[in-house]
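The values are calculated or read from the model by the stated rules, or taken from the named source; none is laboratory data. Quick caveat: nothing in here was measured; it's all calculated off a predicted structure. We place every Cβ from the backbone using ideal geometry, glycine too, and count neighbours over all the protein chains shown. Just so you know, the surface numbers come from the protein's heavy atoms only, side chains and all, with ligands and any DNA or RNA stripped out. Shrake-Rupley method; radii C 1.70, N 1.55, O 1.52, S 1.80 Å.
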Amino acid sequence: MTTAFGDQGADHAPGRGGGALAQWIGRNPVAALVIAVAIILALWLVLAPWPAGFEEVFGKKRLFINALFNGMTLGGLYFLVATGFTLIFGLMRNVNLAHGSLYLFGGYMGYEAGQWTGSWLFSYVVAFVCCALIGIAMQFLIFRRMEGQDLRQTLVTLGLSIIFSDLMVWVWGGNAIQIDTPDYLAGPVPTPIVVALKSSGEAIFLQYPLGRLVIFAASALIGIAMWLALHRTRIGVMIRAGVDDRDMLSVLGYRVQLLFVAVFAFGAGLAGMAGIVGGTFQSISLGEDSHFLLASLVVVIVGGMGSIPGAALGALIIGLSEQFGLVYFQNYATMLSFLIMVLVLAIRPQGLLGRR
């Protein structure tokens with residue numbers, strides 16, 4: 001059975017991944033060659049010292065590498081926010097324009113929890129639980145009463161986002177809040193990437209904040225765990241079956257509404273956890289909810305609705321485009337992400353990894 005989250009019947013076929021890759025290369029040798037050359041070029045750009053002539057055209061390698069790493073870590077943050085959005089919309093077709101408010105609320109609650117307890121990790125639990133509870137309330141009180149009514153859902157959640165924003169301004173004010181990085185994640189760590197050579201020929205290696213690297217690794221692990229849960233567990237089969245035919249799943253005796261509430265709560269909780277991530281290596285302030293809602297929409301459009309790998313790819317592309325745009329195209333950095341979205345819609349309207 002084919003669903004919005006993948007092909008169920010072929011997931012467990014032995015050696016399917018390698019065989020499918022070999023078949024794709026056989027069908028698309030030119031594209032495979034281009035991708036292989038691009039990967040080799042990217043590795044050279046990252047690992048090898050740049051010649052002087054190359055730096056005259058593209059600037060210092062340190063600037064390029066910092067933009068690359070910042071784009072990847074920003075993509076990890078976008079993925080945490082967008083994956084909850086794509087789960088909620090991809091599964092239940094619920095248009096939740098208050099998703100950015102959940103991000104901002106989670107950041108504020110994580111900040112308060114960190115101030116009360118002094119534990120950065122415990123603040124993630126608090127943010128997840130608080131946003132998950134709000135998600136459950138929204139599912140019970142709003143979306144269950146408006147199933148299939150996209151316009152009403154859009155208008156109601158847009159109004160909720162305005163109300164939530166005003167309430168958060170009333171409680172926390174409009175000032176930016178920075179969540180302190182814990183001591184064990186503070187400071188830079190050396191990496192094996194050469195960014196320059198001294199006159200003596202000695203290599204200078206890149207140092208990058210440990211906290212950002214850990215957050216990016218955690219985002220990758222969360223994405224892998226979600227994909228495995230959707231494709232390798234019984235509840236994942238139920239979720240993917242509910243995408244195609246929720247009525248048939250209900251007839252078979254499964255509590256579909258309870259399943260949908262759980263998925264909605266999980267997606268909302270992820271947005272809350274992302275608020276702490278954003279508050280740790282950026283800040284949380286008024287207007288961040290709209291920014292991350294818009295970023296989630298762009299990521300989902302580029303990657304493909306209902307696809308976890310698509311959300312990861314879209315988040316990485318948008319994160320990199322924003323950071324490289326700030327470095328190389330300062331006057332047009334804002335347009336770059338939307339240009340990518342327009343190109344994807346023109347060439348592949350369902351998204352890069354979305355299904356027709």
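Is it true that some residue in the range 119-133 is surrounded by fewer than 18 Cβ atoms within 10 Å (Cβ to Cβ) and more than 26 Å from the chain's Cα centre (by Cα)?
No - not one qualifying residue is present in the range 119-133.
Name the single residue, out of those in the range 266-288 being open to solvent by less than 10 Å² (accessible area, probe 1.4 Å) and over 20 Å from V214 (Cα atoms), that is modelled with the highest pLDDT.
A268
In the range 219-255, what residues are over 29 Å from G278 (Cα atoms), part of a helix (DSSP H, G or I), of a type outside the set (A, V, I, L, M) and open to solvent by 80 Å² or more (accessible area, probe 1.4 Å)?
Within the range 219-255, R232, R234, D247 qualify.
Considering only residues that are crowded, with 21+ Cβ neighbours inside 10 Å and out of contact with any Gly (no Cβ under 7 Å at 6 or more places or on another chain), which ones fall in the range 308-317?
I317
Matching residues to (1) among the aliphatic types (A, V, I, L, M); (2) farther than 27 Å from L104 by Cα:
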site: F143; (1), (2): no, no
site: P182; (1), (2): no, no
site: V194; (1), (2): yes, yes
site: Q207; (1), (2): no, yes
site: G211; (1), (2): no, no
site: S219; (1), (2): no, no
site: M238; (1), (2): yes, yes
site: G242; (1), (2): no, yes
site: M248; (1), (2): yes, yes
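Residue-by-condition table, conditions (1) closer than 28 Å to E112 by Cβ; (2) touching a residue at least 24 places away in the same chain (Cβ under 8 Å); (3) not hydrophobic (A, V, I, L, M, F, W, C):
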residue	(1), (2), (3)
T280	yes, yes, yes
E288	yes, yes, yes
I301	no, yes, no
G310	no, yes, yes
N331	no, no, yes
M335	no, no, no
G351	no, yes, yes
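When you scan the range 189-197, do you find a residue that is not in a strand (DSSP E or B) and not polar (S, T, N, Q), even just one?
No: zero hits.
Working only within the range 94-122, note down all residues that are of a type outside the set (A, V, I, L, M, F, W, C) and more than 26 Å from L316 (Cβ to Cβ).
Y108, Y111, E112, G114, Q115, T117, G118, S119
Please work out which one of (1) assigned to a helix (DSSP H, G or I); (2) in contact with a Ser or Thr (Cβ under 9 Å, 6 or more places away or on another chain); (3) surrounded by fewer than 22 Cβ atoms within 10 Å (Cβ to Cβ); (4) touching a residue at least 60 places away in the same chain (Cβ under 8 Å) is the condition M305 fails and give its number.
Looking at each condition in turn, M305 falls short on (1).
If you check L45, L68, L104, L33, which single one turns out to be part of a helix (DSSP H, G or I), over 30 Å from R232 (Cβ atoms), touching a Gly at 6+ places or on another chain (Cβ under 7 Å) and at pLDDT 75 or above?
L104
Restricting to the range 329-349, name every residue that is modelled with pLDDT of 85 or more and either among the small types (G, A, S) or buried (at least 16 other Cβ atoms within 10 Å of the Cβ) (or both).
Listed by number, the residues that qualify are L336, S337, I340, M341, V344, A346.
Looking only at the range 176-188, how many residues end up being over 17 Å from S285 (Cα atoms), open to solvent by 40 Å² or more (accessible area, probe 1.4 Å) and among the hydrophobic types (A, V, I, L, M, F, W, C)?
1
Which condition from (1) part of a helix (DSSP H, G or I); (2) over 30 Å from I163 (Cα atoms); (3) in contact (Cβ under 8 Å) with a residue 40 or more places away in the chain is the one that Y208 breaks?
It fails just one condition, (1).
Answer yes or no as to whether G159 is part of a loop (DSSP other than H, G, I, E, B), open to solvent by 20 Å² or more (accessible area, probe 1.4 Å) and more than 25 Å from G303 (Cα to Cα).
Judged against the criteria, G159 is not a match.
Given the condition outside any helix (DSSP H, G or I), within 28 Å of R246 (Cβ to Cβ) and of a type in the set (A, V, I, L, M, F, W, C), answer yes or no: does some residue in the range 73-96 qualify?
Yes, the range 73-96 has at least one match.
Kindly establish whether N66 is crowded, with 16+ Cβ neighbours inside 10 Å and of a type outside the set (A, V, I, L, M, F, W, C).
yes
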